[in-house]
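**Q** Here it is, the structure in full.
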Amino acid sequence: MSAHVAVLPSTVADQIAAGEVVERPASVVKELAENALDAGARHVRVEIEDGGRTLIRVSDDGEGMDREDAQLAVQRHATSKIRAAADLVGVGSFGFRGEALPAIASVARFELETSPDGATGTRLRVTGGAPDAPQDAVRQRGTTVTVRGLFFNTPARRKFLRAPATETRVATEALTVLALARPDVAFSLQVDGRVVLDVPVATRRIDRIQALWGRPFADTLLGVTHRSGPLEVTGFAQRPAQATPAGRKGYVFVRGRAVRDPFVLRAAEAGYRSTVNPGDRPSLLVFLDLPGDAVDVNVHPAKLEVRFRDKFFVEQAVEQAVRAALAPLAAASPLMAPGRTVDAAAWSGGSAAVPVQAPLELLAAESGPASASGRPGLPLLQVFDTYVLFQTDAGVAIVDQHSAHERVLYEQVMGQIAGDGMPGQRLLLPLTLELTAAELEAIDAHAEFLRRVGYEIEPFSGRSVVVHTVPNPHPRFDAARCLQELVADLAGGRFGGWANRLERFAATFACRAAVKAGQRLEPGELRELVVRLLAATLPAHDVHGRPTIVHLPREELERRFGRT
Ligand SMILES: Nc1ncnc2c1ncn2[C@@H]1O[C@H](COP(=O)(O)OP(=O)(O)O)[C@@H](O)[C@H]1O
Ligand SMILES: [Mg+2]
């Protein structure tokens with residue numbers, strides 16, 4: 001009766017493995033292109049036809065294989081990349097399981113042409129797992145794998161293929177991800193004879209991004225660089241003002257390998273707290289580098305997932321990294337002619353230090369010909385009673401007075417609520433306000449927050465309340481109107497996208513209490529506003545994801561006036 005249990009013939013085992021590794025044409029593209037990269041290719045060329053059903057071809061100029069290796073390569077668990085289980089720790093190659101080639105060859109008409117030296121070459125055909133005798137082939141150093149009739153012998157799987165356009169899109173995406181991971185390698189993709197992707201070798205990652213998606217998109221990105229102990233977080237985070245509710249790009253790479261990790265992306269999004277409109281989803285490209293033993297890459301057959309030894313630590317670091325990228329004034333939008341990029345370093349001096357400190361010091365000085373510090377104060381100009389202009393070391397800054405004040409108040413209020421609060425100004429004649437039932441409830445629910453920003457409120461009779469003290473964020477502050485609007489917002493669910501109650505309250509208060517556009521400000525007030533903005537933690541964005549400040553780089557002025 002022991003005849004019930006039998007070791008599967010290897011072709012059947014390969015087809016089963018193919019079920020995990022070769023889900024669709026995109027997986028074939030991914031596995032073959034990864035092999036090309038592992039072989040040290042400088043240029044990876046991919047062709048697909050009919051969404052990959054009729055043809056997938058991946059050619060490389062990598063190290064190639066001699067005949068013996070080529071024959072081994074199409075056998076299950078044959079790999080040149082690891083020798084023992086211990087090698088899995090910190091494995092640096094894309095492949096290591098040794099199952100892609102046999103799996104693909106078991107469900108298609110497979111042909112491999114390879115040469116290790118450009119002199120000798122081998123052609124190997126495998127049809128549905130059955131290999132033909134190897135033949136001589138003439139070709140340059142490198143390897144070409146051609147896959148025809150994918151799933152020809154597994155009709156059930158073929159039925160699951162989607163429309164060619166869909167399969168093409170997914171396959172293109174798979175190659176795009178590899179192109180992001182390896183800017184040092186050129187990639188091209190032809191779909192039904194048409195070139196849809198062709199990116200040259202790039203030295204900087206941002207150049208690769210630009211080659212893939214164009215300069216306008218690349219220009220919306222801020223660089224991320226952050227180190228937390230053994231973990232290095234780099235990549236790009238989109239400026240909050242350019243984030244949109246749909247169509248964002250979100251990529252996570254761990255030790256150079258693309259992974260699906262919604263938690264890392266969520267942590268990156270958390271870094272945007274209070275700088276982005278809650279409905280908007282900024283594009284994110286997160287590259288994590290950490291020691292090999294801090295992450296297990298072998299938890300998924302297609303290696304799309306990894307397991308971190310300390311997930312919480314990684315998420316924290318990612319959040320901090322994004323927050324740090326949004327913090328400098330350089331995170332504000334530069335005013336440039338279309339198609340021109342600002343050299344971020346020119347305005348940030350590599351870090352926020354140069355242009356922030358210089359104007360701060362100058363601004364803090366009393367205006368007039370010579371202040372106590374012996375330096376003249378930096379002139380500020382209010383235009384349209386809405387914007388404040390001033391000079392920085394790197395150009396001209398233009399601040400939106402409402403947005404700027406909103407940011408300043410938000411940070412102040414967060415501090416006040418977390419601490420003891422700020423006593424309000426006692427009114428000689430207390431205010432009486434008539435409110436709706438929902439608004440009264442909102443006052444109740446936020447009583448402590450209101451007290452800490454300076455509103456001392458008491459129920460009066462029916463639906464009215466008496467207000468004894470009020471905050472005084474600026475001389476033109478209208479305490480009654482602000483409170484009315486604030487409770488209406490809180491009761492009406494405005495800012496509903498904010499997850500955190502305290503942050504939502506602070507954002508609503510900041511928005512309602514800030515100076516408005518169209519208010520003329522005194523020179524001293526302008527100065528104070530700008531000084532406080534530049535001293536804020538996240539000065540470049542208001543709480544709705546709009547910029548507080550735009551910058552006209554001096555180099556742009558010089559270019560426009562022909563001084564360069
Ligand atoms: N394009 C290529 N160039 C050179 N060698 C290759 C190429 N593709 C596959 N190989 C060889 O074939 C082996 C098996 O490939 P594969 O089945 O994808 O397994 P893995 O990549 O996990 O090792 C690889 O380890 C490598 O030695
Ligand atoms: Mg492989």
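Nothing in this text is a laboratory measurement; each read-out follows from the coordinates by a stated rule. All of these numbers come straight from a predicted model, not from anything done at the bench. Cβ placement follows ideal geometry from the backbone for every residue including glycine, while neighbour counts extend to all protein chains displayed.
**Q** Please list, ordered by chain and number, the residues whose modelled amide H lies under 5 Å from the amide H of residue 463; skip anything fewer than 5 residues away on the same chain.
**A** Counting only residues 5 or more places away or on other chains, the set is empty.
**Q** Please express the Cα-Cα pair-distance distribution P(r) of the stretch 223-301 as a list of whole percents, one per 10 Å bin, running from 0 to the bin with the greatest distance.
**A** 17, 49, 25, 8
**Q** Oh, and also: Skipping prolines and chain starts, which residues have an amide H placed within reach, meaning under 5 Å, of the one on residue 548, given they are 5 or more residues away or on another chain?
**A** 541, 542
**Q** Quick one: which residues, 5 or more positions from residue 431 or on another chain, have an amide H under 5 Å from its amide H? H modelled 1.01 Å from N in the peptide plane, none for Pro or chain starts.
**A** 467
**Q** Just rank 477, 312, 449, fewest to most, by other beta-carbon atoms within 10 angstrom.
**A** Arranged by neighbour count, lowest to highest, 477, 312, 449 become 312, 477, 449.
**Q** Write down Rg/Rh for the stretch 90-194, rounded to two decimals, with Rg from the C-alpha atoms and Rh from the Kirkwood relation over Cα pairs.
**A** For the stretch 90-194, the value is 0.99.
**Q** Here is a follow-up. What is the packing order of peptides 8-15, 96-103, taking the mean over residues of other C-beta atoms within 10 Å and listing the highest first?
**A** Put in order of decreasing packing, that is 96-103, 8-15.
**Q** Step through the residues of the stretch 289-302 one at a time and calculate ³J(HN,Hα) from phi using the Karplus curve (6.51 cos²θ - 1.76 cosθ + 1.60, θ = phi - 60°), rounding each to whole Hz and writing x for Gly and Pro.
**A** 10, 8, x, x, 7, 8, 8, 9, 8, 9, 10, 8, x, 8
**Q** Okay, moving on. Compare the peptides 227-239, 18-30 by average per-residue count of other Cβ atoms within 10 angstrom and give them in order, highest first.
**A** 18-30, 227-239
**Q** Averaging sequence separations of C-alpha pairs under 8 Å and six or more residues apart, then dividing by the length of the stretch 430-564, give the relative contact order as a whole percent.
**A** The value is 18 percent.
**Q** Moving on to the next point. Summing -39500 (n - 2.57) over the DSSP H runs of n ≥ 4 in the chain and dividing by its residue number, what mean residue ellipticity at 222 nm do you reach, to the nearest 500 deg cm²/dmol?
**A** Taking each H run of at least 4 residues, the total per residue is -10500 deg cm²/dmol.
**Q** Now, a different point. In what order do 498, 213 fall by count of nearby beta-carbon atoms within 10 Å, going from fewest to most? Don't jump to the answer; show the numbers that get you there.
**A** Working: 498 18, 213 15.
The order, fewest Cβ neighbours first, is 213, 498.
**Q** Hey, another quick one. Among 226, 551, which comes first, second and so on when ranked by fewest other beta-carbon atoms within 10 Å?
**A** Details: 226 19, 551 27.
Fewest-to-most Cβ neighbours within 10 Å comes out as 226, 551.
**Q** For the stretch 102-108, take each phi angle, set θ = phi - 60°, evaluate the Karplus expression 6.51 cos²θ - 1.76 cosθ + 1.60, and give the result in whole Hz per residue in order, putting x for glycine and proline.
**A** So the Karplus estimates, Gly and Pro as x, are x, 5, 5, 5, 7, 10, 7 Hz.
**Q** Beta carbons within 10 angstrom, averaged per residue: use that to sort the peptides 281-292, 60-71, highest first.
**A** 281-292, 60-71
**Q** Normalised by the number of residues in the chain, what is the relative contact order in percent for Cα pairs under 8 Å and 6+ residues apart?
**A** Dividing the mean separation by the residue count of the chain yields 12 percent.
**Q** Let me ask something else about it. State which entries of 249/516; 159/249; 159/303; 81/159; 81/249 exceed 27 angstrom in Cα-Cα distance in the structure shown.
**A** 249/516; 159/249; 81/159; 81/249
**Q** Once both labels are modelled 7 Å past Cα along the beta-carbon direction, what's the residue 68-residue 516 spacing in nm?
**A** 8.4 nm
**Q** Just want to confirm a number: the relative contact order over the stretch 464-528, from Cα pairs under 8 angstrom separated by 6+ residues, in percent.
**A** On the way: 26 pairs, mean separation 23.7, N = 65.
About 36 percent, as a whole number.
**Q** Roughly how many Å is it from the Cα centre of the stretch 120-172 to that of the stretch 504-564, as a whole number?
**A** 58 Å
**Q** On average over all directions, what projected area in square nanometres does the stretch 433-542 have, based on the convex hull of its Cα atoms?
**A** If you wrap the Cα atoms of the stretch 433-542 in a convex hull and average its projections, you get 7.6 nm².
**Q** If one computes the Cα centroid of the stretch 240-280 and of the stretch 49-110, what distance in Å separates the two points?
**A** With the stretch 240-280 and the stretch 49-110 each reduced to a Cα centre, they are spaced 33 Å.
**Q** Can you list the HN-Hα couplings for the stretch 532-547, worked out from phi with the Karplus curve (6.51, -1.76, 1.60; θ = phi - 60°), rounded to whole Hz and with x for Gly and Pro?
**A** Values per residue, Gly and Pro as x: 5, 5, 5, 8, 6, 6, 10, x, 7, 9, 8, 7, 9, x, 8, x Hz.
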